[in-house]
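Here the structure is laid out as C-alpha cells; the discussion comes afterwards.
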C-alpha cells in the first residue's frame, strides 16, 4: 500500500488486515518510522534527507529490521553515512531504478525523471557500492512506471484529447515492452551481487501490466482504493467511487450560476483538466473555466435538475455519503450541497464526472 496516496492511517490498517495485501510504501522516513510501530514491512518511497529520522532509525534495532530506505546515488548513501556513526544492524536499502522511456539516444524522455539510475550498468555500479559497505544491506529494487500508471488512456474532450489518448496508449505499449526487458535484465544482474527480497513496481493505473512482468515480486498501489476521477479515463478497469465530500452552495451571483464554499484542492501531478475536481451531484454543474477550483470559493454554471423545489433549504458543509443523494431533490437548488469525488493523494479533492 502506498501511504502517500492514502493519507488515512485507519484505512491503511484496514486494508493491510486483508490477506491480499502486505507491506507499506511510505511517503517520508519520519512517516515510515511511525507506521513501523505497528507494521513490519515499510519501504520509504523516496530518498531521504531527514537526518533526525535517520538517527532515530539507526538507534532502534526493531526499526532497522522493519524499515527500508530508498537510494538512487552514492550521494544518498553518503548522507546516511555522515548522519549515522554506526549501527548494530545493517541499514536496509532499496535501489530506485528510473522506469522512464528514453528514445533517440536519450534525447527524448517520456515519463517521470525519478532516478539517475537507468541502465543495467548504472544499477550494477550502485549495487556494488552498497554490497561492499557493511553498514548497508541491499534488499530490494524499485521501478515506478509513472508514464503508464499515471496517464489516462481516454481523456475526456474533443478530437484533440482523442488524439492525445491514442498517442498515450501507444506510448504505454512501447514503454511496458521496453521496461519489462530492461527491468528483468537489471534484476538479474543485481541479484548476482545481492539476494533481493523485493522488486517493486507499478501503481493503480498499471497493475495489470506490472504483475505480468516476471521480475516483479510486488506491486504498489493506493489511490485506486478511493477511485479519483482520473481513473475514469482508463481502459484496464472501471473504478467505483469510495469517498465523497459535500460543499455548501453559498451564493447565486447570477442566473444559472452558483458559488460553493471550498473545492480548491487540486490533484498532484502536472496541472491540467484531468487534475481538477469535477462536480458530481446534483447533475448539470460544471466549473467556470476562468476561475476553476483554485479559489477558496468556487463558482459553477448550473442547470437545475427537474423537480427540485425552492421551498426547503438543506445546505451544509458537512461531508455526506452518496446515499444522501436520494433525499436531495426535496431541497432548494440555491441551498443544496454539491458533492465531489475525493483525490486521495496529498489530501486533495476531485469529483466524479
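The values are calculated or read from the model by the stated rules, or taken from the named source; none is laboratory data. All values derive from a computational prediction rather than experimental measurement. Cβ coordinates were reconstructed from backbone atoms using ideal geometry, including for glycine residues, and neighbour counts include every protein chain displayed.
Miscellaneous remarks
- Among the residues of segment 128-148, none qualifies, meaning not one is without any contact (Cβ under 8 Å) to a residue 12 or more places away in the chain, part of a helix (DSSP H, G or I) and at negative phi.
- Taken together, 85, 49, 32, 22 contain a single residue that is under 20 Å from the mean Cα position of the chain (by Cα), in the same structural domain as residue 200 (by TED's automatic domain parsing) and part of a loop (DSSP other than H, G, I, E, B), which is 22.
- Count - residues of segment 203-217 that are surrounded by fewer than 19 Cβ atoms within 10 Å (Cβ to Cβ), part of a loop (DSSP other than H, G, I, E, B) and out of contact with any strand residue (DSSP E or B) (no Cβ under 6 Å at 6 or more places or on another chain): 2
- Among the candidates 151, 193, the residue that is modelled with pLDDT under 95, surrounded by 15 or more Cβ atoms within 10 Å (Cβ to Cβ) and in the same structural domain as residue 111 (by TED's automatic domain parsing) is uniquely 151.
- Selection count, segment 140-158, where residues are over 19 Å from the mean Cα position of the chain (by Cα) and closer than 20 Å to residue 220 by Cβ: 1
- Taking the criterion of being within 22 Å of residue 200 (Cα to Cα) and out of contact with any helix residue (DSSP H, G or I) (no Cβ under 6 Å at 6 or more places or on another chain), the only residue of segment 235-266 that qualifies is 237.
- Apart from one condition, residue 171 fits all of (1) buried (at least 19 other Cβ atoms within 10 Å of the Cβ); (2) at pLDDT below 95; (3) in contact with a helix residue (DSSP H, G or I) (Cβ under 7 Å, 6 or more places away or on another chain); the exception is (1).
- Residue check, residue 166 touching a helix residue (DSSP H, G or I) at 6+ places or on another chain (Cβ under 7 Å), over 21 Å from residue 70 (Cα atoms) and surrounded by fewer than 18 Cβ atoms within 10 Å (Cβ to Cβ): no
- Hits in segment 250-299 (condition: at pLDDT below 80, closer than 19 Å to residue 232 by Cβ and buried (at least 19 other Cβ atoms within 10 Å of the Cβ)): 263, 266, 267, 274, 276, 277, 278, 293
- Number of the exception - residue 18 against (1) in contact with a helix residue (DSSP H, G or I) (Cβ under 6 Å, 6 or more places away or on another chain); (2) at pLDDT below 95: (1)
- Cβ separations smaller than 6 Å between residues 6+ apart or across chains give no pair from segment 52-66 residues that are in the same structural domain as residue 31 (by TED's automatic domain parsing) and assigned to a helix (DSSP H, G or I) to residues that are buried (at least 19 other Cβ atoms within 10 Å of the Cβ) and at pLDDT below 95.
- Residue within segment 89-103 that is in contact with a helix residue (DSSP H, G or I) (Cβ under 7 Å, 6 or more places away or on another chain), modelled with pLDDT of 95 or more and part of a helix (DSSP H, G or I) present: no
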